[in-house]
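To keep things clear, I will list the structure first and then write my remarks on it.
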Amino acid sequence: MKDNIHQVSIPVIKRLPRYHRYLEELKNLGIVRISSKELSTRMGLTASQIRQDLNCFGGFGQQGYGYNIEQLYNEIGAILGLNNKTKAIMIGAGNLGHAIATHIHFDNRGFDLIGIFDNNPAVIGTKVGGKTVMSSYDLEEFCLKEKPVVAILCIPAEYAAENADKLVSLGIKGFWNFTQYDLVHRYQNVAVENVHLSDSLMTLCYQVKEINNSCEE
């Protein structure tokens, strides 16, 4: 594996989970090896793109043999840090937070969800995703003791900046942000993934509109 992984472009990094997902499916089907051409057909990428992406991290394939699926699956998992079990907390246990905590398998994605917080008395003390929801008033004490690294924000946009500032001061180094408020430019040395579900829906709306327009011509 190359030493300059930190210099790899973000678009390449964003494709790695997709490679990992497809390789997991192939592994579960009992397929042992695959060529870049075969993988490109399945994924809708070019074989050249796949080779370029994987070469950023070293040579995983063998000419005339292709890629060993289980080995490549494990290597990409290691690159992504999926075995690290990074400590994470969730802020907001409403409908969205409840759905994420219940349906996302954090332990298979590199994280250990160790705490969920809310300021709504109706949900404090209830179980969400197997965790008891704690009061936001206990957040600082919890962070100082447990030292979580990542925060998942499932709160209204108007509270995002205030909560993020506090969390950064408590040692948070990364945000999975569902608030509709972009945190990208607020902090240095803090990783941010802003998730805008409505953006994806509007992108789909555009594509469907274009398909309908082409069918009418």
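We did not get these values from a lab; they are worked out from the coordinates using the rules stated. Predicted model, so just to flag it, every value in this text is computed and none were measured. For neighbour counting, all protein chains shown are included, and Cβ atoms are generated from backbone atoms with ideal geometry for every residue, glycine included.
Taking amide H positions as modeled 1.01 Å from N, with prolines and chain starts lacking one, the residues under 5 Å from Phe111 and 5 or more places away or on another chain are Lys85, Thr86.
For each of Glu75, Glu70, Glu158, count neighbouring Cβ atoms within 10 Å of the residue's Cβ, then give the residues from fewest to most. Each step should come with its number before you reach the end.
Values: Glu75 19, Glu70 15, Glu158 10.
Ordered from fewest to most neighbouring Cβ atoms within 10 Å, Glu75, Glu70, Glu158 come out as Glu158, Glu70, Glu75.
State whether the stretch 86-199 is rounded, prolate or oblate according to the following rule on the C-alpha gyration tensor (a ≥ b ≥ c being the square roots of its eigenvalues): a/c under 1.5 gives rounded; otherwise a/b larger than b/c gives prolate, and the remaining case gives oblate.
Working: a/c = 1.29, a/b = 1.18, b/c = 1.09.
Cα axes put the stretch 86-199 in the rounded bin.
What FRET efficiency, computed as 1/(1 + (r/R0)^6) with R0 = 22 Å and r the Cβ-Cβ distance, is obtained for His196 and Gln52, rounded to the nearest 0.05? Kindly include the intermediate steps, with their values, before the conclusion.
Details: r = 28 Å, r/R0 = 1.28.
My answer for the efficiency is 0.20.
Check which residues have an amide H placed less than 5 Å from Val192's amide H, if you skip close sequence neighbours. Placed amide hydrogens put Phe175 under 5 Å from Val192.
Highest mobility in the GNM of the chain, judged by mean-square fluctuation with C-alpha springs under 10 Å and restricted to Gly92, Gly130, Gly171, is found for Gly130. Coupling constants for the stretch 92-99 follow from the phi torsions by the Karplus curve (6.51 cos²θ - 1.76 cosθ + 1.60, θ = phi - 60°), and in residue order they are x, 10, x, 4, 5, x, 4, 5 Hz; glycine and proline get x. Under the classification rounded if a/c is under 1.5, otherwise prolate if a/b is larger than b/c and oblate if not, where does the stretch 1-112 fall, given a ≥ b ≥ c as square roots of the Cα gyration tensor eigenvalues? It comes out prolate by the Cα gyration axes.
Rounded to the nearest 20, the size of the Cβ-charge dipole of the chain about its Cα centre is 680 debye, with Lys and Arg at +1 and Asp and Glu at -1. Any idea which of Leu113, Asn194, Ile155 is furthest toward the positive side of the dipole for the chain, if Lys and Arg beta-carbons carry +1 and Asp and Glu beta-carbons -1? Result: Leu113.
At full extension, Lys131 and Glu162 could sit 8.7 nm farther apart than now, given 0.36 nm per residue minus the alpha carbon distance. Counting only DSSP beta bridges with both residues in the chain, the antiparallel share comes to about 20 percent.
Computed from backbone phi, the HN-Hα couplings of the stretch 194-200 come to 7, 10, 10, 4, 5, 4, 4 Hz, rounded to whole numbers (Karplus: 6.51 cos²θ - 1.76 cosθ + 1.60, θ = phi - 60°; Gly and Pro given as x).
For the stretch 5-79, with only Lys/Arg (+1) and Asp/Glu (-1) charged at the beta-carbon, what is the dipole magnitude about the Cα centre, in debye rounded to 20?
On the way: 9 positive and 6 negative charges, 38 e Å.
In total the dipole reaches around 180 debye.
Here each label is just a point 7 Å from Cα along the line to Cβ, and for Val32 and Ala78 those points are 2.1 nm apart.
From the square roots a ≥ b ≥ c of the eigenvalues of the alpha-carbon gyration tensor of the chain, which class results: rounded (a/c under 1.5), prolate (a/b over b/c), or oblate? Working shown, then result.
Working: a/c = 2.07, a/b = 1.52, b/c = 1.37.
Cα axes put the chain in the prolate bin.
Springs join every pair of Cα atoms under 10 Å in this Gaussian network model of the chain, and among Ser200, Ser35, Ser136 the largest mean-square fluctuation is at Ser200. Identify which of Ala47, Ala151, Ala122 has the largest mean-square fluctuation in a Gaussian network model of the chain, with springs joining Cα atoms closer than 10 Å. Looking only at Ala47, Ala151, Ala122, the largest GNM fluctuation is found for Ala122. For the stretch 101-124 versus the stretch 129-159, the spacing of their alpha-carbon centroids is 9 Å.
Across the stretch 84-90, computed HN-Hα scalar couplings (Karplus, 6.51 cos²θ - 1.76 cosθ + 1.60, θ = phi - 60°) run 6, 6, 5, 5, 9, 10, 10 Hz from first to last residue, x flagging Gly and Pro.
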